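The values are calculated or read from the model by the stated rules, or taken from the named source; none is laboratory data. Source: prediction; values computed, not measured. Here the Cβ positions follow ideal geometry from the backbone for every residue, glycine too, while neighbour counts run over all protein chains shown. Ligands, DNA and RNA are excluded from the accessible area calculation, which covers all protein heavy atoms including side chains. Shrake-Rupley method; radii C 1.70, N 1.55, O 1.52, S 1.80 Å.
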Amino acid sequence: MNGSNNQTGISYKRDALFLSLAGIFLTSLVLGNVIGTTKFVTIFSVALPAWLLDIVPPLIRDNDIYTMSVPVGVIAYPFTFLATDLISELYGRKKAQLVVWVGFWMNVLMLFLMSVNHWLPNTGGVSGGLQLFEGVYEFMIGNTIASMIAYLVAQTVDVRLFHFWKDFTNGKHLWLRNNASTTISQLVDSTAILTILFLAGNLGREVDTIGKLVILIFNSYVFKFLFALIDTPLCYLGVKLFRDFEEDPSDYSLYEGG
């Protein structure tokens, strides 16, 4: 009886962990799509030393000053990769891919609900922020559609590459599959979404050349790349903390025998 209760408790905690990781994934995804490129923020500015000036192209610096400026949506998005990497490691490829597809359809649902609210007639004198709503809606449509296309490709690449490296290394070297999958998939994502938004004219009037687009792609990718380096110890920590709830059907265990 006690064994049955213990197994039930573990099963409950395993499900709760999966739902929590899926919740982090979906919240970060939807938030990133809603706020998108509504605002660009400066992460840091740094004066480059002389030896770096020959390496860093003039296109992405102002004389000797490099400024990392990224859209606010980018800050939320890397958490989706941390969540899918943990789900991939603990629950397997099928569940990770399931979360990717659920995220895609949740964005479709969000677009549908926002469109219904846009189409319904306004109640005059009652609405507290009609212009704000319409501005968010118009901006979100193009941003979310572009993001959905880029997201579906990038997340699918991330999940498949993660499990390719997991099979290749027999479940060892989490740092390799975590970084090799995330860094490549985030380059795909940054390039795809910003290119689509550029072609749609949804990046602002000043982003009017391919050169300026390249700067945005570079900055976004560098930010995501740096986050991927931080993501690796967090992924190791998460796998170690939650190893008792692992149910990956591939039977590979990162900490097997240790």
Subject >> Residues of the range 18-44 that turn out to be assigned to a helix (DSSP H, G or I) and either among the aromatic types (F, W, Y) or open to solvent by less than 20 Å² (accessible area, probe 1.4 Å) (or both), as a count >> reply: 8
Subject >> the range 224-247 residues that are over 21 Å from Q186 (Cβ atoms) and touching a residue at least 40 places away in the same chain (Cβ under 8 Å), paired with ones that are in a helix (DSSP H, G or I) and open to solvent by 70 Å² or more (accessible area, probe 1.4 Å) (beta carbon under 6 Å, 6 or more apart) >> reply: F245/K13
Original post:
If you go through the range 147-158, how many residues are touching a Leu at 6+ places or on another chain (Cβ under 9 Å) and open to solvent by 40 Å² or more (accessible area, probe 1.4 Å)?
Top reply: 0
**OP:** Select from the range 159-211 the residues that are part of a loop (DSSP other than H, G, I, E, B), more than 21 Å from V99 (Cβ to Cβ), open to solvent by less than 80 Å² (accessible area, probe 1.4 Å) and touching a residue at least 60 places away in the same chain (Cβ under 8 Å) and list them in ascending order.
**Re:** K172, N202, L203, G204
